[in-house]
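Report on the structure given below.
The values are calculated or read from the model by the stated rules, or taken from the named source; none is laboratory data. Fair warning: this is a prediction, and the values are worked out from it, not measured in the lab. No Cβ is skipped: glycine too gets one built from the backbone with ideal geometry, and neighbour counts run over all protein chains shown. The accessibility values were calculated without ligands, DNA or RNA, using every heavy atom of the protein model including side chains. Shrake-Rupley method; radii C 1.70, N 1.55, O 1.52, S 1.80 Å.
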Amino acid sequence: MNRPIGIFDSGVGGLTVFHEVMKRLPQEDLLYFGDTARVPYGIKSAETVTRYSMEITRFLMEQQIKLLIVACNTASSVALSALQSAFTIPVLGVLLPGAKAAVRYSIHHRIGVIGTEATIGSSAYVGAIQALDPRVIVHTRVCPLFVPLAEEGWGAHAIAEAVAREYLEDLCRTGVDTVVLGCTHYPLLKGAIGKIMGESVTLVDSARETATEVQTLLLDQGLSRTDNSEPLRKYFVTDAPERFRKVGERFLQHPLPNVEKVIL
Ligand code: DGL
């Protein structure tokens, strides 16, 4: 089907998901929406994040998307079911693919989940993991400073490791063998997180797992693009397109030429 896939996030972080989808499905037309005027979502109420998510999805529906990916873990945690009931196209969040992968990888049924205040506060990951396997014990941690560190480009800096130690040292002692990176920005701190958690702990990148799931869904539902022309890549933001471009190129590891500011 020759219509674009829509991907949205509170800001620039969802480009980690965009990057994985682009790698996995290079022939698909992709539209990205970053709500840069209202970021961060991670400290906002479920009601507000749901309202923002509905507004963004209405905008993307006007662009004729065939499928929506909620790249933001916070929005996936608190707004996914509202979006799924309000819109007729398939709506996929990053939470379930991450939860499924964690259950698959965990040998000792002890999983850690790290994310924003709103994601962890919603208990959505815990619910999803335990629905898949009730034997699993889930330990969660809120790691708010990882977001600005990633945007500053300090994900691999010594300071990131010091912050990771502060947040995660006691998570190590719980005996978790798998940790879900439950926030768009955390893959950029994978090195620091991995160093603190230790080599034996598997880190689950929800972005990568989501891209795999999107590929399966497109094939199963016959929604893959059939046109062989150059695919469209377009980025919409609600504020500061220049900053989005600058920070975003680091997240995407790719140039960002088509950034347009829109008012919802
Ligand atoms: N995109 C958000 C998430 O994955 C992180 C940034 C924010 O708080 O808006 O939860």
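Computed with a 1.4 Å probe on the full set of protein chains, the accessible area for Ser10 sits at about 10 Å². Taking a Cβ cut-off of under 14 Å around Gly127, the surrounding Lys, Arg, Asp and Glu residues balance to a net charge of 0, with basic ones at +1 and acidic ones at -1. For the chain, the spread of Cα coordinates along the three principal axes comes to 50, 37, 36 Å, biggest extent given first.
Kindly provide the helix-only [θ] at 222 nm of the chain, computed as the sum of -39,500 (n - 2.57) over DSSP H runs of four or more divided by all residues, to the nearest 500 deg cm²/dmol? That comes out to -13500 deg cm²/dmol. Across region 233-247, coupling constants 3J(HN,Hα) worked out from phi with the 6.51/-1.76/1.60 Karplus curve, θ = phi - 60°, read 10, 9, 10, 10, 9, 9, 6, 6, x, 5, 5, 4, 5, 5, 6 Hz, and Gly and Pro carry x. The separation of region 95-133 from region 171-249, counted between C-alpha centres, amounts to 15 Å.
Taking the three principal axes of the alpha carbon atoms in region 122-264, the coordinate ranges are 51, 39, 30 Å, sorted in descending order. With 10 Å bins from zero, work out the P(r) of region 111-152 over every alpha carbon pair and list the percent per bin. The distribution over region 111-152 is 29, 46, 20, 5, given as percents. Computed over the alpha-carbon pairs of region 1-130, the distance histogram in 10 Å steps reads 13, 44, 33, 10, 0 percent, short to long. Full extension of the chain between His157 and Ile137 yields a length gain of 4.0 nm, computed as 0.36 nm times the residue separation minus the alpha carbon distance.
Let me make sure I get this right: for region 173-214, a, b and c are the square roots of the gyration tensor eigenvalues over alpha carbons, sorted descending. Under 1.5 in a/c it's rounded, otherwise prolate if a/b > b/c, else oblate. Which is it? Intermediate values should be presented prior to the final figure.
On the way: a/c = 2.51, a/b = 1.68, b/c = 1.49.
Prolate, because a/c is 1.5 or more and a/b exceeds b/c.
Here the label points at Met61 and Ser229, each 7 Å from Cα along the C-beta direction, are separated by 2.7 nm in the simple model. So, counting K/R as plus one and D/E as minus one, what does the shell of residues with Cβ under 11 Å around Arg233 add up to? Net charge around Arg233: -2. Can you give the angle from 0 to 90° between the axis of helix 15-24 and the longest principal axis of the chain, with both taken from C-alpha atoms, to the nearest 10? That helix lies at roughly 70 degrees to the long axis.
Rounded to the nearest Hz, the phi-derived 3J(HN,Hα) couplings of region 165-177 under the Karplus curve 6.51 cos²θ - 1.76 cosθ + 1.60 (θ = phi - 60°) are 4, 4, 6, 10, 4, 6, 5, 4, 6, 7, x, 5, 10, where x marks glycine and proline.
For the residue pairs Lys195/Lys234; Lys23/Lys246; Lys66/Lys190, alpha carbon separations beyond 30 Å are given by Lys195/Lys234; Lys66/Lys190.
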